[in-house]
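J.: Please read through the structure below; I'll follow up with questions.
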There are 2 protein chains.
Amino acid sequence: MEKYYVFKSLAIIIIAAKIMGLGARKIKAPQVAGEIVAGILIGPSVLGLVGYSDFLGQMAEIGVMLLMFTAGLETRISELRKTGVKALLIACSGVFIPLICGSLLYFAFYGFAPWGSEQFFKAVFIGMILTATSVGITVEALKELGKLSETVGTTIMSAAIIDDVIGIIVLTIVIGFKDPTQDVSRTLLMTGLFFVFCIVFGYIVYRLFRIYDRKHRHTRRIPIIGLAMCFALSFAAERYFGVADITGAYIAGVILSSLKDSQYISRKMDINSYMIFGPVFFASIGIQNDMSKFNMDILVFSLAFVAVGMISKVIGCGAAARITGFKGRDALKIGCGMMTRGEVALIVAQRGFTVGMIDPSYSTSVILLIIVSSITTPILLKLLYNDKSQGKEVTADGTAG
Amino acid sequence: MEKYYVFKSLAIIIIAAKIMGLGARKIKAPQVAGEIVAGILIGPSVLGLVGYSDFLGQMAEIGVMLLMFTAGLETRISELRKTGVKALLIACSGVFIPLICGSLLYFAFYGFAPWGSEQFFKAVFIGMILTATSVGITVEALKELGKLSETVGTTIMSAAIIDDVIGIIVLTIVIGFKDPTQDVSRTLLMTGLFFVFCIVFGYIVYRLFRIYDRKHRHTRRIPIIGLAMCFALSFAAERYFGVADITGAYIAGVILSSLKDSQYISRKMDINSYMIFGPVFFASIGIQNDMSKFNMDILVFSLAFVAVGMISKVIGCGAAARITGFKGRDALKIGCGMMTRGEVALIVAQRGFTVGMIDPSYSTSVILLIIVSSITTPILLKLLYNDKSQGKEVTADGTAG
């Protein structure tokens, strides 16, 4: 096929993703969900306008690294000190309860498997997908209600950051086990070494960047070198430590997150991301999602997966919030706020497909979880706030109600 | 090879291109030249860190489209009305004299060939590469001298825009002839039809965009849909009209160039371009440039090519300027100002390699022409201005001298 055919695919993907993304936003669903649906529509399952290709796969891969790099960049380490211990507990509980519930769900459907078996890791991986919170939708909902800067809001934000970090560590360990012939202790050792390497390397790089950043604010060089570092660390993670490449990209972002120019870097990445790589990534999930394989079994599993995913997060975070001293309703708000899933869940799932840990047909379940949780969270939050403080929720910009 | 190896290549390309690009700027050469040299250094010819791959080829291809789209976006149609006829004459002469001289050069080296033969089109293509002026360096030099807004400066700018448009038309026709079995009249007909299609399609799209643009300024949708249109038109040009895809990308830019938001679109494209796609494109030229094939013949041809390329532009544009009423020295300034070549010459050459019209070993000649012309132009301009108006060239920002 001639090279220029790729332009046709890109044009269709970009237009379809944008239109469906806007459509999704209209019905208060996340744009990402719209972009995935666009992929399903233009892909082989429905219209057959665009087929999956190696090139799209590589572009999507770059898209994932950009997303994880940006996620890392937006980590505010200083925020964590404020809400500290409470947020840490909520995050931990919010990671481990869904992890366990997800694994149990898999066992309930496909039978129990002993520790260390392939089936066992599949189960753990299904739980793994449930761990990553994505608070973008929650933040927007709280902003609309004018409650973002209250304790509940800041706690959710901090817990979400810690949730990301723990999630990345757990993922790194789980992916490290993907090769059953590999030594458990070796995997743990390499993972540990990788984090040590990141701390040393990160400290040096951060210092160098800071010196440079002070002299040259807002120069193009900073995001460009940052991006190169993101790619280099992604490669090094996989190649030399057997750690997931997305972990490398995320940590590259965290290393640069305390720079004065981190917002500037993040903005530049964002533009690259939303123009080409992002739509290609999300649409390619839809394109790959073979709907012909969709059957009753997957549907039933998906519904259970969505229910378990949402309830386990609410319970995990809510209970921990209650224990750390929040009142019942506030604890519930935190649980609901942490319930939304987003692109990170997809990225984790995608990684599982790539390394052959789970079957791509599960992407349907993940997509469903993202859509359902993103739509229910704002509604639940509104109800929870409305009940108590009627009339008070009309904020300065008067958007509530 | 595992997918993540691509991150290694990208990291190396981005870093090397940036460092060499900055180095080039230090010695007053264009950044682009530095990026190409970076490609030669990291490529198989020297260090062997990065090999050429299909994926890099595709990325470079997207990079070319972005560059041409941006070039189109920056076309100021309204500018043309001011200097009008004079600029048109200078541009025409500046396209056709180099086109003829370049072809004659090829004949001088490899023997004359009759009209319509393969060898004949190769000669025309070599001439074709010499037509595209790139005034970026000139504009910078004139800015430093504080002479950009004088008649000579504005005339150069307008002539350069017209030069681009004529160049694109000639390229489209020449590429149309690439298939010797093709009918001449059919090629001309399809090219004509393509331009008619672009005018109709462009007018409709422009109207729609303008309505949308008025309601929503600076929304992300405009550059995104613009980019999709760029890809769609590139594809349609090649697929349905047999016209070069870069023509489609350039025209997509021109269509949107009169929008109020055209600068905004162009800025977003620029970010995508300089972060990833641009460095990959320029470095990949270096990576592909097999230095082992470099020999005395190519060197001699390259030197002659550079000399002919520079002199023919100075004579072509200078003579036309003199005829249209400029004084001798001013005519010379215009000739020298139009002499620089840049990425468009490379893109045209690259297109020639892709369709098998000329041998990739000629890329050395093109790279040499870009480097030499970009370094000599500012020096010549400074000399020409210095002689007449000593002491006057120190501008408000005091950068001259």
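J.: Could you figure out which of (1) in a helix (DSSP H, G or I); (2) within 14 Å of chain B (Cβ to nearest Cβ); (3) at pLDDT below 85 isn't true of A:I19?
T.: Every condition holds for A:I19 apart from (3).
J.: For segment A:208-225, which positions are facing another protein chain (nearest Cβ under 10 Å) and either touching a strand residue (DSSP E or B) at 6+ places or on another chain (Cβ under 8 Å) or closer than 11 Å to A:Y264 by Cβ (or both)?
T.: Matches in segment A:208-225: A:R220, A:P223.
J.: Also, quick follow-up: Inside segment B:21-42, can you point out the residues that are crowded, with 22+ Cβ neighbours inside 10 Å, of a type outside the set (V, I, T) and under 14 Å from B:S374 (Cβ atoms)?
T.: B:G21, B:A24, B:P30, B:A33, B:G34, B:E35
J.: Turning to a different aspect of this structure: Would you mind telling me which numbered condition in (1) more than 14 Å from chain B (Cβ to nearest Cβ); (2) buried (at least 20 other Cβ atoms within 10 Å of the Cβ) A:F277 fails?
T.: (1)
J.: A further question follows. Sort out which residues of segment B:269-298 are over 20 Å from the mean Cα position of the chain (by Cα) and of a type outside the set (V, I, T), and write them in order of number.
T.: B:D290, B:M291, B:S292, B:K293, B:F294, B:N295, B:M296, B:D297
J.: Further, regarding this structure: Tell me, please, whether a residue that is in contact (Cβ under 8 Å) with a residue 24 or more places away in the chain and more than 21 Å from B:L346 (Cβ to Cβ) can be found in segment B:35-50.
T.: yes
J.: Which of the numbered conditions does A:A108 fail, given that it passes all the others? Conditions: (1) away from every other protein chain (no Cβ under 11 Å); (2) modelled with pLDDT under 90; (3) more than 25 Å from A:A320 (Cα to Cα).
T.: Condition (2) is where A:A108 drops out.
J.: Within segment A:239-252, which residues are out of contact with any Cys (no Cβ under 7 Å at 6 or more places or on another chain) and either closer than 21 Å to A:A132 by Cα or modelled with pLDDT under 85 (or both)?
T.: Within segment A:239-252, A:G242, A:V243, A:A244, A:D245, A:I246, A:T247, A:G248, A:Y250 qualify.
J.: Touching a residue at least 12 places away in the same chain (Cβ under 8 Å) and facing another protein chain (nearest Cβ under 9 Å), is that true of B:K28?
T.: Taking the combined requirement at face value, the residue does not satisfy it.
J.: To continue, here is another question. crowded, with 18+ Cβ neighbours inside 10 Å, more than 14 Å from chain A (Cβ to nearest Cβ), touching a residue at least 60 places away in the same chain (Cβ under 8 Å) and not in a loop (DSSP other than H, G, I, E, B): which single residue out of B:T376, B:T340, B:T364 fits that description?
T.: Only one candidate passes the filter, namely B:T364.
J.: State yes or no: is B:R351 among the basic types (K, R), within 14 Å of another protein chain (Cβ to nearest Cβ), surrounded by fewer than 24 Cβ atoms within 10 Å (Cβ to Cβ) and under 28 Å from B:G127 (Cβ atoms)?
T.: For B:R351, the condition - among the basic types (K, R), within 14 Å of another protein chain (Cβ to nearest Cβ), surrounded by fewer than 24 Cβ atoms within 10 Å (Cβ to Cβ) and under 28 Å from B:G127 (Cβ atoms) - is met.
J.: For segment B:372-379, state whether one or more residues are touching a Phe, Trp or Tyr at 6+ places or on another chain (Cβ under 7 Å) and either of a type outside the set (A, V, I, L, M) or modelled with pLDDT under 85 (or both).
T.: no
J.: Take A:A60 and tell me if it is within 11 Å of chain B (Cβ to nearest Cβ), in contact with a helix residue (DSSP H, G or I) (Cβ under 9 Å, 6 or more places away or on another chain), modelled with pLDDT under 90 and surrounded by 20 or more Cβ atoms within 10 Å (Cβ to Cβ).
T.: Criteria met by A:A60.
J.: Hey, does segment B:195-209 have a residue that's surrounded by fewer than 16 Cβ atoms within 10 Å (Cβ to Cβ), modelled with pLDDT under 85 and in a helix (DSSP H, G or I)?
T.: The answer is no, given that none of the residues of segment B:195-209 is surrounded by fewer than 16 Cβ atoms within 10 Å (Cβ to Cβ), modelled with pLDDT under 85 and in a helix (DSSP H, G or I).
J.: So, A:R217, is that one in a helix (DSSP H, G or I) and surrounded by fewer than 19 Cβ atoms within 10 Å (Cβ to Cβ) or not?
T.: Here the answer is no, as A:R217 does not meet what is asked.
J.: Checking the condition at positive phi and either modelled with pLDDT under 90 or touching a helix residue (DSSP H, G or I) at 6+ places or on another chain (Cβ under 7 Å) (or both), which residue from A:G342, A:G335, A:G356, A:G286 passes?
T.: Matching residue, one of A:G342, A:G335, A:G356, A:G286: A:G356.
J.: Looking at (1) modelled with pLDDT of 80 or more; (2) surrounded by fewer than 23 Cβ atoms within 10 Å (Cβ to Cβ), which is the only condition A:R81 fails?
T.: (1)
J.: Could you tell me whether segment A:290-297 includes any residue that is crowded, with 21+ Cβ neighbours inside 10 Å and either more than 30 Å from A:F209 (Cβ to Cβ) or of a type in the set (A, V, I, L, M, F, W, C) (or both)?
T.: No, segment A:290-297 has no match at all.
J.: Of the residues that sit in segment B:100-138 and are part of a helix (DSSP H, G or I) and under 15 Å from the mean Cα position of the chain (by Cα), which one is surrounded by the fewest Cβ atoms within 10 Å (Cβ to Cβ)?
T.: Per the criteria, the residue is B:G136.
J.: Name the single residue that is nearest to A:G253 (Cα to Cα) among those in segment A:139-160 being in a helix (DSSP H, G or I) and out of contact with any helix residue (DSSP H, G or I) (no Cβ under 6 Å at 6 or more places or on another chain).
T.: A:A160
J.: Here's another thing I want to ask about it. Restricting attention to segment A:22-59, which residues are under 27 Å from B:L56 (Cα atoms), out of contact with any Pro (no Cβ under 8 Å at 6 or more places or on another chain), assigned to a loop (DSSP other than H, G, I, E, B) and of a type outside the set (S, T, N, Q)?
T.: A:G43, A:P44, A:G48, A:L49, A:V50
J.: A further question follows. Check B:I175 against each of (1) within 14 Å of another protein chain (Cβ to nearest Cβ); (2) modelled with pLDDT of 80 or more and name the one condition it does not meet.
T.: Only one criterion is unmet by B:I175, namely (2).
J.: I'd like the full set of residues that are more than 10 Å from A:G72 (Cα to Cα), assigned to a helix (DSSP H, G or I) and more than 11 Å from chain B (Cβ to nearest Cβ), limited to segment A:241-261.
T.: Matches in segment A:241-261: A:F241 only.
The values are calculated or read from the model by the stated rules, or taken from the named source; none is laboratory data. As the structure is a prediction and not an experimental result, all values here were calculated from the model. Neighbour counts run over all protein chains shown; Cβ positions are idealised from the backbone, glycine included.
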